[in-house]
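What follows draws every value from the coordinates through simple rules; no lab data is involved. Since the structure is predicted, the reported quantities are computational estimates derived from the model, not experimental observations. Virtual Cβ from ideal backbone geometry, glycine too; neighbours counted across all protein chains shown.
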Amino acid sequence: MLFLVAAAMGATGLVLTLTVVPDSSLRAGGRFDFPGVAGLTAGLVCFLLPISKGGGWGWTSPLTLGLFAAAAVIFAVWAFVELRVANPLVDLRTTTRRQVLLTNLASIAFGFAMFGTQLVFPQVLQTSPASGYGLGLSLFEAGLCMAVGGGMMIVLSPVSARVTGAYGPKVTLMLGALLAVAGYAGALAVMTEVWHVALAATVVSAGAGLGYAAMPASIMSSVPVSETAAANGFNSLMRSIGTATASAVISTVLAAHTVQLGAATLPSLDGLRYALIISMAAGVAGMTISAFLPRRRSSRPGAGPERLVTRTPGVQAPS
């Protein structure tokens, strides 16, 4: 049912995109980079699969190490090719700009910090009180507690836009990371009531909402208009790498610290606290990286009509 509901939501999103979202009049020209897609896909599969399965396969097993080595080789070849094609899937020269690079690194940290809530707090909410820390909620009740955080992310998106417009994405990203750290710190201090966990999850989600909404602004202020789609897509990929890494690291930590409750093996309270500390450290890393961003958004490269016409001959500047 989880997969079916997710598929239905995806189909709904597709229909709404086609019928509601306005199309852009800007066209950059060029051809779609199919080799770039194939190379990036192959590299990501070889990189993310052992991250997800390394705990079961063994981190030093030939399969895990072989896939990591294959990923390194594929990404090196992919980068070599992307730097030499006329219309690359990802303009790697653009991604090395300071603001773009730092935003992508912060995105990995934000993705890691955000995913900690999905792995730790539901465990605490649903585990039996006999474990010494569990609150004994049903799956539905725990889902309602976590849904508050998702709603907070939606509510804070326009707030993030206002803060970013006034102070720049650097301030918004740092504020979001600070909220995530505060949420995890609160959970470390106390998780004995349902509202404690729900509040901590909501504060972390609020921080993620601020940060996620500010990232596109930081990216788009640093790349030409014709490259915003690819640059933002690459930024989303960095967040996904952060969540995948969080899943592997935190799952490994929880599997290494367990207690027996009858026939069931559960994460111990110490293991959950270690996971919270690791997630909080990711939030600190995101805040530290964000501190090196420029305070104000710079003027977008290639944003002027003259630059657009020069960059892509035959393309008319949007009115």
With a ≥ b ≥ c the root eigenvalues of the C-alpha gyration tensor of the chain, is it rounded (a/c under 1.5), prolate (a/b larger than b/c) or oblate? prolate
The extension gain from Ala76 to Ala291, computed as 0.36 nm times the residue separation minus the Cα-Cα distance, is 74.4 nm
Mind running the shape call on the stretch 32-89? Use the C-alpha gyration tensor, a ≥ b ≥ c as the square roots of the eigenvalues: rounded below 1.5 for a/c, prolate if a/b tops b/c, oblate otherwise. prolate
What 222 nm value per residue comes from the helices of the chain, counting each DSSP H run with n ≥ 4 as -39,500 (n - 2.57) and dividing by all residues, nearest 500 deg cm²/dmol? -25000 deg cm²/dmol
Once a ≥ b ≥ c are taken as the square roots of the eigenvalues of the Cα gyration tensor of the stretch 1-101, is the result rounded (a/c under 1.5), prolate (a/b larger than b/c) or oblate (a/b not larger than b/c)? oblate
I want to verify the translational diffusion coefficient of the stretch 141-281 in µm²/s; compute it with Stokes-Einstein, Rh as the Kirkwood radius over Cα pairs, at 25 °C and 0.890 mPa s. 147 µm²/s
Please identify the DSSP H helices in the chain that span no less than 20 Å along the helix axis (Cα) and have a mean Kyte-Doolittle hydropathy of 1.0 or more. 2-19, 34-57, 62-82, 139-167, 169-189, 194-220, 269-290
In nanometres, the difference between 0.36 nm per residue of separation and the alpha-carbon distance of Val190 and Ser240 is 15.1 nm
Ranking of Ile250, Ile278, Ile154 by count of other Cβ atoms within 10 Å, fewest first: Ile154, Ile278, Ile250
Once each part is reduced to its C-alpha centroid, what is the distance from the stretch 149-219 to the stretch 266-281 in angstrom? 20 Å
Size of electric dipole in the chain: Cβ of Lys, Arg +1 and of Asp, Glu -1, about Cα centre, debye, nearest 20: 980 debye
Compute the relative contact order of the stretch 99-154 as a whole-number percentage, counting only Cα pairs closer than 8 Å that sit 6 or more residues apart in sequence. 20 percent
What's the exposure ranking of Glu82, Glu227, Glu193, Glu141, going from fewest to most Cβ atoms within 10 Å? Glu193, Glu141, Glu82, Glu227
Contact order normalised by length for the chain, with contacts defined as Cα pairs under 8 Å and 6 or more residues apart; what percent is it? 25 percent
With at most 15 other Cβ atoms within 10 Å, longest stretch of the chain clear of loop chymotrypsin sites (Phe, Trp or Tyr not before Pro) (DSSP): 60-291
